[in-house]
1. Whether any residue in the range 259-280 is at positive phi and in contact with an Asp or Glu (Cβ under 8 Å, 6 or more places away or on another chain) is what I want to check.
2. Identify, by number, the condition in (1) open to solvent by 20 Å² or more (accessible area, probe 1.4 Å); (2) at pLDDT 95 or above that Arg224 doesn't meet.
3. Scan the range 293-311 and give yes if some residue there is among the charged types (D, E, K, R), open to solvent by 50 Å² or more (accessible area, probe 1.4 Å) and in a helix (DSSP H, G or I), otherwise no.
4. If the requirement is being in contact with a strand residue (DSSP E or B) (Cβ under 8 Å, 6 or more places away or on another chain), surrounded by fewer than 18 Cβ atoms within 10 Å (Cβ to Cβ), at pLDDT below 95 and closer than 30 Å to Pro181 by Cβ, which of these qualifies: Ala327, Ala355, Ala320?
5. Residue by residue through the range 202-250, note down the ones that are of a type in the set (Val, Ile, Thr) and over 19 Å from Thr269 (Cβ atoms).
6. For the range 42-127, which strands (runs of 3 or more DSSP E) that fit wholly inside it have 1 or more residues that are open to solvent by less than 20 Å² (accessible area, probe 1.4 Å), under 24 Å from Trp188 (Cα atoms) and hydrophobic (A, V, I, L, M, F, W, C)?
7. Please state which one of Gly274, Gly267 is over 30 Å from Leu61 (Cα atoms) and buried (at least 19 other Cβ atoms within 10 Å of the Cβ).
8. Could you tell me whether the range 327-335 includes any residue that is closer than 23 Å to Arg51 by Cβ, under 15 Å from the mean Cα position of the chain (by Cα), in a loop (DSSP other than H, G, I, E, B) and not hydrophobic (A, V, I, L, M, F, W, C)?
Amino acid sequence: MSSVKRARTDDGDSHIMGGHESARTQLSKPLVYSGSLDSFKNQDVTPIIGREFEGLQVRDLLKWGDEMIRDLAITISQRGVVFLRDQDVTPNEMKDLMLRITALSGCPESSGLHVHPLTEEGSELGDQISVISSEKQKKGGGLTHQLSDVSRFASAGWHTDISFEPVPSDYAMLKIHTLPPTGGDTLWASGYEIYDRLSPALRTMLEGLTATHDAKFFLDEAQRLGNPIRKTVRGNELNQGEALCAVHPVIRTNPVTGWKSVYVNKGFTKRINGVTKDESDMLLGYLFNLLTQNHDAQVRFKWRANDLAIWDNRSTYHCATYDYSDARAGDRVCSLGEAPYLDLNSKSRKEDLEARENVQAGLVMA
């Protein structure tokens, strides 16, 4: 399991930091957007989350250099998820872009691309590409199967990728190439916004707590499917073995933006630590309800063939919509970032954006 410890900074302020020195972010402060993507037509899909670009191709990004890819990473982290329509891109090019996004946004040198515990040896597209397939899901496997006997609420599927690992995902990228005639949308929700909706008193309490994230159901799935679990290194040396369990702060700081986000999810978070089970159930239920019952904190994306989505797993949740019967398939790549941590001096999204607006207003008046 990942450990969390309290550290004291030079100015005396207390921080909750990830306990793994080898998995610390390389950023000392949030990144600043340079404006290199402003020439591409884009729009915010909702006020809170999501941005869609037109005419921005992954293949071109890979040729144009670091500044644009760094700005893309900043945009993804600020807006939660970015949508790129009609992409002519191969799985290997997706991996190349993902490695550059995570490197240019300060990921630890120890982190690479994730290998899912259920990935079969000798996978056709390589260990670091997860094939998202409705036909495969019909045979069972993964989060969908686990939830099928537990809940008939579609909202039970909300999760953030691989939070059960000591070093979880920073970014993920999904390209859907096969679609049903209608249906099969994906929803994302903002963890920044969920944090902003907490009262100051509840924020303070949650900032002192950790939660256990557990995916031991993958062990049963691997046995049922006849595939051995991947016990070898899964993108970071801290991610190996068959524990499939980690402890992370309930509130974490995104190093790219410097904003706080709620970091618990229905798919993997089993317990808030340091409180009774009843209190844990009550707190998790409230946090899950904030996510699932506030559609203005969500964005719903209707895929077209070969569309690509890239999201920040540290500060968003997502949920597929299983409302179709025809084939739906795509390729996903997940990069690994830092071990989750909380900097108590970091801000909420709303606080930071309001502060920037006030500064800008003051400059205009001056």
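1. No: the range 259-280 contains no residue that is at positive phi and in contact with an Asp or Glu (Cβ under 8 Å, 6 or more places away or on another chain).
2. Here Arg224 meets the rest and fails (2).
3. Yes, the range 293-311 has at least one match.
4. The match here is Ala327.
5. Thr204, Ile229, Thr232, Val233
6. 51-53, 81-84
7. Gly267
8. No, the range 327-335 has no match at all.
The values are calculated or read from the model by the stated rules, or taken from the named source; none is laboratory data. A quick note: this is a predicted structure, and the numbers were derived from the prediction, not measured. Backbone-built Cβ (ideal geometry, glycine too); neighbour counts: all protein chains shown. We work out accessible area using only protein heavy atoms, side chains counted, and drop any ligands, DNA or RNA first. Shrake-Rupley method; radii C 1.70, N 1.55, O 1.52, S 1.80 Å.
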